[in-house]
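The values are calculated or read from the model by the stated rules, or taken from the named source; none is laboratory data. In this text the structure is predicted, and so the values were computed from the model without any measurement. Don't worry about glycine lacking a Cβ; one is built from the backbone with ideal geometry, like all the others, and counts go over all protein chains shown.
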Amino acid sequence: MSKKEQIRLTVSADKVSVPIYVGNNIYSYVKTIVSLKEYSKVGVLMDKNVAYHWGESIRKVLGKNAVYIIVPAGEENKTLTAAGNILASMLKHGFDRKSLLINFGGGMICDLGGFAASTYMRGITFVNVPTTLLAQTDAAIGGKTGVDFNGFKNMVGSFAHPKAIICDSLLLSTLPEREFRSGFAEVIKHALVADKKLFYTLAKENFGAMDEDKLAEILLQSCSIKCSVVSKDANERGLRKILNFGHTIGHAIEMLSHDTKKPLLHGEAISIGMIAEARLSLLSGLISKEDFKKIEDIIAKADLPSRISKSYKSKIYAKMMGDKKNERSVIKWVLLKGIGKAVIDEEQSEKLINKAIEYILI
């Protein structure tokens, strides 16, 4: 497949226009998408897992003159300390304001690398090459960067857009099955909040045996939804909040799971969060029992988790109260008003919230 640009994220108010390339075996086109000769230094940020699978290949593309920065894998390493180590490495290798950082990895690397690039010397150019389904459909797109802080997800960060995004389905070939399936949580979320037709397309699919063409089509649709929403509200003042569906409870569960021996992947936590927040939508009278059942069915069909241990019960509400989306200690919810339609800034009673949480406990 050619490197032809498939989508473009344009935010007129911020004078931002980011080309997004979608295809198979196109990551090597980074050399022509971004003219490397224009930059004083080129750095590549990868975690150890991605470096193991793709390090040699990317070195063949970019050559020995690039600076390769390797960090530990896992969300638990998305910290200010890690960002500081990346900044120190760039400083050590003489990066200046005309340097480029290529974030080659999953959502953690795109978030962490974007944050480091956006703060180094008040901001240098960066490119995202997402290597997971979750990052290709969500995390790499939209200009959100950040790190986790004091047990809260993405508590420190910035809005900064990459120069380009390269979504290469070939890079998904080395993903463990669990990581691959986790990415479908964000695809399902996009359908639930903005595209009823995509939801029913997904409901008919065999997530475990999707052919390359169908996966590329769904990837393109999911990216397009994210771009459409962000283009209208880059800094999350209104419409963009719909993309947080499932994330209020989901983020709380995700961060709590990191204190256990079985931490959840982001998509797994979000799938549980979507069930809980869809349940809250049902309890609030916003969606029907039939629609709620369809949401449960698609989560099960994607082989994503929908329940969490009851040991979390006393901790979830407290963790949610520290969520950055809250206003004046009041949780602002994104709820569903039918499949394909979301409403924002909903306030709910503690009683209903706890009922929704109890539903996901086993």
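Listed conditions (1) in contact with a Pro (Cβ under 8 Å, 6 or more places away or on another chain); (2) of a type in the set (A, V, I, L, M); (3) farther than 24 Å from Asn24 by Cβ are all met by Ala88, apart from (1). The test for being closer than 24 Å to Val156 by Cβ, without any contact (Cβ under 8 Å) to a residue 60 or more places away in the chain and of a type in the set (Lys, Arg) holds for Arg328.
The set of residues in region 103-160 being among the aromatic types (Phe, Trp, Tyr) and surrounded by fewer than 24 Cβ atoms within 10 Å (Cβ to Cβ) consists of Tyr120, Phe149, Phe152, Phe159. Considering only residues in region 234-268 that are among the acidic types (Asp, Glu) and not in a helix (DSSP H, G or I), the one that is surrounded by the most Cβ atoms within 10 Å (Cβ to Cβ) turns out to be Glu236.
Residues in region 18-37 that are free of Cβ contacts under 8 Å to residues at least 40 places away in the same chain and not in a loop (DSSP other than H, G, I, E, B) were compared, and the one that is surrounded by the most Cβ atoms within 10 Å (Cβ to Cβ) is Ser28. Taking the listed residues Lys341, Lys313, the one that is closer than 24 Å to Lys196 by Cα and either of a type in the set (Val, Ile, Thr) or not assigned by TED's automatic domain parsing to the domain that holds Gly74 (or both) is Lys341, with no other qualifying. Only one of the listed residues (Ser314, Ser306, Ser271) is among the hydroxyl-bearing types (Ser, Thr, Tyr) and part of a loop (DSSP other than H, G, I, E, B). That residue is Ser306. If you go through region 303-362 and keep only what is aromatic (Phe, Trp, Tyr) and either on the phi > 0 side of the Ramachandran plot or touching an Asp or Glu at 6+ places or on another chain (Cβ under 6 Å) (or both), you end up with just Trp333. Does Val127 satisfy the criteria of being in a strand (DSSP E or B), within 24 Å of Ser28 (Cα to Cα) and not assigned by TED's automatic domain parsing to the domain that holds Lys241? So Val127 passes the test.
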